[in-house]
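Asker: A single structure is presented below for examination.
The values are calculated or read from the model by the stated rules, or taken from the named source; none is laboratory data. On a predicted model such as this, the values are computed, not experimentally measured, just so you know. Note that each Cβ is placed from the backbone with ideal geometry, even for glycine, and that neighbours are counted across all protein chains shown.
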Amino acid sequence: MTIAHDEEWIQIATLNQHNQIYFTPEFIDLMGELGWSAKALVGHLLGLWYDPFEHMLDYGSGEAKYSQDQPGEFDRNDLTEPQDVVEYWAVHRSKNPNAYEPTHLSGAGLGLSVDWYRDVLRAKLVSLRLPKRLLVDFRDSFLAAVTAFDKLQNSSQ
């Protein structure tokens, strides 16, 4: 089935009145039992489904050295806490040309700032929405894989 305008869509994140990024209650209700793996999925969605992108939201206080707007209240926050995109993705992209290898670190080659790249990723995060069925499929497949792994581990003991 292809995506359709009339199916139920889930907004992934939103800005609060202080311009902090939060996962929406709908996303948390649907994906919350996955914990960090729900954040990893969103990191993949922001990137190119490349393994390191799952860490795009694994923010730790003090990890920002180049951004001017580091609020300093992030330490691998839970799904219900404020979120932000880690700085190093923006740092790589601000320094690298558009034909850079490895390609997942390529920038625009225009000398744009770290803050510009972070704001693009932040905007992408708060504008991201998916059909609910895609999130349900991911959640159910993930939980089935965890259950199968646990059974395998228990049978080998």
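Asker: Can you tell me which residues in the range 83-129 are hydrophobic (A, V, I, L, M, F, W, C), over 17 Å from the mean Cα position of the chain (by Cα) and assigned to a loop (DSSP other than H, G, I, E, B)?
Answerer: The answer is Ala99, Ala108, Leu110, Leu112.
Asker: Let me ask something else about it. For Asp75, work out the one condition from (1) of a type in the set (D, E, K, R); (2) out of contact with any strand residue (DSSP E or B) (no Cβ under 7 Å at 6 or more places or on another chain); (3) without any contact (Cβ under 8 Å) to a residue 60 or more places away in the chain it doesn't fulfil.
Answerer: That leaves (2) as the condition not met.
Asker: Whether any residue in the range 132-139 is among the β-branched types (Val, Ile, Thr), closer than 21 Å to Met31 by Cα, in contact with a helix residue (DSSP H, G or I) (Cβ under 9 Å, 6 or more places away or on another chain) and outside any loop (DSSP other than H, G, I, E, B) is what I want to check.
Answerer: Yes, the range 132-139 contains at least one residue that is among the β-branched types (Val, Ile, Thr), closer than 21 Å to Met31 by Cα, in contact with a helix residue (DSSP H, G or I) (Cβ under 9 Å, 6 or more places away or on another chain) and outside any loop (DSSP other than H, G, I, E, B).
Okay, residues lined up against (1) more than 20 Å from Arg76 (Cβ to Cβ); (2) buried (at least 18 other Cβ atoms within 10 Å of the Cβ); (3) touching an Asp or Glu at 6+ places or on another chain (Cβ under 6 Å):
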{"residue": "Asp6", "(1), (2), (3)": "yes, no, no"}
{"residue": "Leu15", "(1), (2), (3)": "yes, no, no"}
{"residue": "Gln20", "(1), (2), (3)": "no, no, no"}
{"residue": "Ile28", "(1), (2), (3)": "no, no, no"}
{"residue": "Met31", "(1), (2), (3)": "no, yes, no"}
{"residue": "Ala38", "(1), (2), (3)": "no, yes, no"}
{"residue": "Val42", "(1), (2), (3)": "no, yes, no"}
{"residue": "Trp49", "(1), (2), (3)": "yes, no, no"}
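Residues are listed down the side, and each one gets a yes or a no for (1) at pLDDT below 95; (2) at positive phi; (3) among the charged types (D, E, K, R):
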{"position": "Thr2", "(1), (2), (3)": "yes, no, no"}
{"position": "Ile12", "(1), (2), (3)": "no, no, no"}
{"position": "Asn19", "(1), (2), (3)": "yes, yes, no"}
{"position": "Ala38", "(1), (2), (3)": "no, no, no"}
{"position": "Ala99", "(1), (2), (3)": "yes, no, no"}
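Asker: Out of curiosity, is Thr80 polar (S, T, N, Q) and under 16 Å from the mean Cα position of the chain (by Cα)? Write out each step before concluding.
Answerer: Working: polar (S, T, N, Q): yes; under 16 Å from the mean Cα position of the chain (by Cα): yes.
Yes: the conditions hold for Thr80.
Asker: Among the small types (Gly, Ala, Ser) and touching a helix residue (DSSP H, G or I) at 6+ places or on another chain (Cβ under 7 Å): does that describe Ser127? Break it down stepwise before answering.
Answerer: Numbers: among the small types (Gly, Ala, Ser): yes; touching a helix residue (DSSP H, G or I) at 6+ places or on another chain (Cβ under 7 Å): no.
When the stated conditions are applied, Ser127 does not pass them.
Asker: Please give the number of the condition Tyr117 fails out of (1) within 26 Å of Leu34 (Cβ to Cβ); (2) crowded, with 17+ Cβ neighbours inside 10 Å.
Answerer: The failed condition is (1).
Asker: Filter the range 1-52 down to residues that are in a loop (DSSP other than H, G, I, E, B) and of a type in the set (Gly, Ala, Ser) and give me whichever is farthest from the chain's Cα centre (by Cα). Full working, then the answer.
Answerer: In the first step, residues of the range 1-52 are kept if they are in a loop (DSSP other than H, G, I, E, B); the result is 1-8, 12, 16-20, 24, 35, 47-50.
Going one step further and asking which of them are of a type in the set (Gly, Ala, Ser), we end up with 4, 35, 47.
Details: Ala4: 23, Gly35: 12, Gly47: 8 Å.
Of everything passing the filter in the range 1-52, Ala4 is farthest from the chain's Cα centre (by Cα).
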